[in-house]
Each structure stands twice: as structure tokens, then as C-alpha cells.
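The values are calculated or read from the model by the stated rules, or taken from the named source; none is laboratory data. Everything numeric in this text was worked out from a predicted model, so none of it was measured. Using ideal geometry, Cβ is built from the backbone for each residue, glycine included, and neighbour counts are taken over all protein chains shown.
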Amino acid sequence: MVPIHVRGTEEYDARLAALSRRGEADLARVEPQVRAILEAIRARGDAALAEYTERFDGARVERPLRPIADYAEIGARCPAEVRALLEGAAARIRAYHEHQVDSGFGFERDGVRLGMRVRPVASAGVYAPGGKARYPSTVLMTAVPAKVAGVRRIVLATPRPTPEIVAAAEIAGVTEILDAGGAQAIGALAYGTETIRPVEKIVGPGNLYVACAKKLVYGHVSIDSIAGPSEILVVADEGADPAVVAADLLSQAEHDEDAYALLVTIDVATAEAVARELERQVAELPRAEIARASLERHAEIFVAGDRAEAARIADAMAPEHLCLAVADPEAMLEDIHAVGAAFLGDHTPEAAGDYAAGPSHVLPTGGAARFSSPLGVYDFVVRTSVIKYSAAAIEAQADLLEGLARLEGLEAHARAVSARRGLRSR
């Protein structure tokens, strides 16, 4: 049974402290291998990509990067009813992210025109895992925001694309597919090869090797985040349905063995009822072995003293997914500042956020919600500060600018201002 920790015990405090450090991924363990892969891709390009693709994915791919049109035959094999589901989800994702579009701003003050120009990056790589499970939803959740942002070239990296993956790519606006995965795909997207043009941004979840590769290429390209295992924290009061709470917890536990399924409640009876439901429901799942391993490794239940303490725990955890199965969830959310996505009330399953609610399901994990945000349109744009002085404005500010420059000992800065005194307009 999932362990239950009650407030006031030494174990309760120790486990909460340990969970607050769950984002400390063991990237160092794989970094030497990942660094070697990236260096090989950078040095030998297509040849190295082919070697690693055959070694890790078990496939020989003659043309790893191809335009989306070349996959039309594979995409056509996607059942019509599945394509309809993907189109329905994409429409909702698109509608949500259109609200994130930023057109910049401009204003004038004392003869100085100031503004912010917002433009999409020229190209983006979106990664979709191809291991234990395939997620066409991830294709939608990464590529649709890029398309809404106005990115013209969107490259999907995924090994052995299936009809469902290709259909999702077509619907989302992907322009090319890179038939490769792992660190070697990240290297190809970041550095380019003889046949692959590099991209400016790389986004999307992946395993430890992918996460490490993204970290190592950051600076050469931009990335969204370093994603860790999926996680859910449910806060449930005595009025929550234990079966529903358990179902939410298992929705993340079935992702992989390292996923976190956490519950905070203020009622011992609720804690015990949810623990029993977890035991009952996990046995019925097709992915029971994975879900059970997740529960054994990372599932824990905490019985807090009151609602305020439950909120403080949730805030300290800064979870990827937060489900508030409590009365007046909006009020509790006001006391929780750090969270990737919040699901409010008894009728809001976390699974809705995974598929079709609208917001991207690519979220900060491991407590990173304290300083980072869900993937969105803003991840695919660059901002430029725009400044224009009139002749009168530079005359008016010259003393201020020259004084500040000389305060810092930068005479050339001051003279660059002085040279404009009396300069004619054109």
C-alpha cells in the first residue's frame, strides 16, 4: 500500500524535504555519453547520425530529414476517426494559444519613440518521444503553439513516425520530419548536418538522454526546459471521491516507472480510502506493471493539519500538475503561487489538460514551476527593443547621458552623445 505520512511525525517532515529536491536529475550519470554523441554529430554529421540511429533505434534511415509531404502515404493510414480526434484537440489547443499572441507595443515620451517588436523565430524543432509509448498529443502540444506564433519551419524529431504521429504533424503545421530520436536527434537539430539545417529553438519532453542533450546544446540554440519525470499532486478534502482521486493519481503513474503520484489531504479516512482505491484500480490497468512500479517508487500520501498547510505544501512542491479536489478550489489556488497547470474542482481531470483542454501539456517538472512556465507561443518568439530619438530629445537628454557615461569612466559613450548635439534632422 502507498505510504501515508501524518503531520507531526519525523517521517512526514523528512519525506516532504526529500520531495522538494526531486528535480535534481542524475544528468551527470549520462553526460559523458551524451557529450560524445553530440561531438560526433557536430564533427561527422549525417554519418554519425546514421550510426547512432541504427545503434539505438535499430533502423537504417537513408534520408533522416524529409518534408512532411513525403509522409503523406503514412499519414493516410491513420484511421479517419483518429484523425477527427486529433483535429478536434488541435482546434482547442489553437484557440487557447491564439490568446497568447503578443503584437508588441509602442509609445512616445518627450520626443523619444520606444517600443517592443515581437517576431517568431525562423525555425523550431519539436521532439516527440518514441520509446515505451507514442504521443501524437505531444506533437500537437508543441507544434501548434509554434505555428500560432508564426514559425515558418517546424521540424518534428521522432523515430519511426507512425500514421497517428504523421497525422498529428500534418494537422499541427509541421513542415519536416526528422526520423531520429535521442541525443543524436537533438544534436542534429542544434548543429545541423550536411543535409539538415539547424533550428533556432528546440522544445518537447524526452528521456534522461534527451534532457541532458538539450542542456548541453543550450546557448548554441534556445530550449524550453529540462524536463523530468511526469508528476501530479492532488489536494483532496474530506468531500472528495477517493475513486476519482485515485484515478487522477494513476493517470500520471502509468506514464513511466519514475512518475510521481502525490496526495495531500487533511483527513486520515480520505488518505486510507485513496490508498485502497489505488491498490484496486492499478490492477485493472493495461499498463499495470508500469503504474505499480511508479507507485512503489514515488507515490506518497500526506495528511496535513488543515487547508492552509495543504496549500503551503503544494506551493513548496511547485508541481507540474496540481489537482484541487476541494471545496472552493479557486480560493485555495490564491495561496499557491508555483504550479505548472492547475485543475480546479471535482469535475476537472488532469487528463483533460493532457489532451484537449487547450493549454500545452509541456510543463515545468521537478519544482521548476517556481521559475518557469508552460510551453506557449511566447517560447517561439524573439523580442527587440526599438528606440528612436528626435533631434530635440537627444539635446534634452544629452547632459543626463553624458553625465552617466563619464560617471562610469566611458568617455567614448559620452562623445557618441555629444557628437549629435546640433546634428541636422533628415
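Things to note:
- Scan of the range 398-421 for residues that are free of Cβ contacts under 8 Å to residues at least 24 places away in the same chain and within 16 Å of G111 (Cβ to Cβ), ordered by number: A398, D399, L400, L401, V417
- Some residue of the range 266-273 being closer than 27 Å to V362 by Cβ, out of contact with any Phe, Trp or Tyr (no Cβ under 6 Å at 6 or more places or on another chain), in the same structural domain as A352 (by TED's automatic domain parsing) and not basic (K, R): no
One line per residue, one yes/no per condition, for (1) in contact with a helix residue (DSSP H, G or I) (Cβ under 6 Å, 6 or more places away or on another chain); (2) in contact (Cβ under 8 Å) with a residue 40 or more places away in the chain; (3) not acidic (D, E):
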site	(1), (2), (3)
V139	yes, no, yes
T142	no, yes, yes
V148	yes, yes, yes
V151	yes, yes, yes
T162	no, yes, yes
A167	yes, yes, yes
G173	yes, no, yes
A183	yes, yes, yes
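A quick yes/no check of all residues on (1) more than 21 Å from the chain's Cα centre (by Cα); (2) over 30 Å from P159 (Cβ atoms); (3) modelled with pLDDT of 95 or more:
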{"position": "L19", "(1), (2), (3)": "no, yes, no"}
{"position": "D26", "(1), (2), (3)": "no, no, no"}
{"position": "Q33", "(1), (2), (3)": "yes, no, yes"}
{"position": "E51", "(1), (2), (3)": "yes, no, yes"}
{"position": "E62", "(1), (2), (3)": "yes, no, no"}
{"position": "G75", "(1), (2), (3)": "yes, no, yes"}
{"position": "A80", "(1), (2), (3)": "yes, no, yes"}
{"position": "F105", "(1), (2), (3)": "yes, yes, yes"}
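- Exactly one residue among E62, E51, E73 is among the acidic types (D, E), over 13 Å from I196 (Cβ atoms) and surrounded by 14 or more Cβ atoms within 10 Å (Cβ to Cβ), and that residue is E51.
Condition check ((1) crowded, with 24+ Cβ neighbours inside 10 Å; (2) at negative phi; (3) at pLDDT 95 or above; (4) under 20 Å from the mean Cα position of the chain (by Cα)) across all residues:
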| position | (1), (2), (3), (4) |
| --- | --- |
| P145 | yes, yes, yes, yes |
| V151 | yes, yes, yes, yes |
| E176 | no, yes, yes, no |
| D179 | no, yes, yes, no |
| E200 | no, yes, yes, yes |
| V203 | yes, yes, yes, yes |
| H220 | no, yes, yes, yes |
| G228 | no, yes, no, yes |
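- Inter-residue pairs, beta-carbon under 6 Å, first of a type in the set (G, A, S) and in the range 234-259, second buried (at least 22 other Cβ atoms within 10 Å of the Cβ) and part of a strand (DSSP E or B), 6+ apart: A236/T265; A236/A325; A240/A325; A253/A261
- Residue in the range 314-321 that is in a helix (DSSP H, G or I), more than 26 Å from S373 (Cβ to Cβ) and under 25 Å from the mean Cα position of the chain (by Cα) present: no
- Residues of the range 364-397 satisfying the condition of being of a type in the set (A, V, I, L, M, F, W, C) and touching a residue at least 40 places away in the same chain (Cβ under 8 Å): A368, A369, L375, V377, F380, V381, V382, V386, I387, A392, A393, A396
- Which numbered condition A240 misses (of (1) touching a strand residue (DSSP E or B) at 6+ places or on another chain (Cβ under 6 Å); (2) small (G, A, S); (3) crowded, with 23+ Cβ neighbours inside 10 Å; (4) assigned by TED's automatic domain parsing to the domain that holds I154): (4)
- Residue match in the range 380-398 (condition: surrounded by 14 or more Cβ atoms within 10 Å (Cβ to Cβ), closer than 29 Å to A89 by Cβ and outside the structural domain of I336 (by TED's automatic domain parsing)): yes
- Some residue of the range 267-274 being under 24 Å from the mean Cα position of the chain (by Cα) and without any contact (Cβ under 8 Å) to a residue 60 or more places away in the chain: no
- Filtering the range 160-169 to residues that are surrounded by 24 or more Cβ atoms within 10 Å (Cβ to Cβ) and farther than 18 Å from V199 by Cα leaves P161, I165, V166, A167, A168.
- Residues of the range 293-319 classified as charged (D, E, K, R) and in contact with a helix residue (DSSP H, G or I) (Cβ under 7 Å, 6 or more places away or on another chain), total: 2
- One residue stands out in the range 275-311 among those that are outside any helix (DSSP H, G or I), within 18 Å of E11 (Cα to Cα) and not aromatic (F, W, Y): the one that is modelled with the lowest pLDDT, namely G305.
- All positions within the range 1-60 that are part of a helix (DSSP H, G or I), farther than 29 Å from A185 by Cα and not small (G, A, S): E10, E11, Y12, D13, R15, L16, L19
- Count of the range 315-334 residues, restricted to those that are under 20 Å from A357 (Cβ atoms), hydrophobic (A, V, I, L, M, F, W, C) and in contact (Cβ under 8 Å) with a residue 40 or more places away in the chain, is 6.
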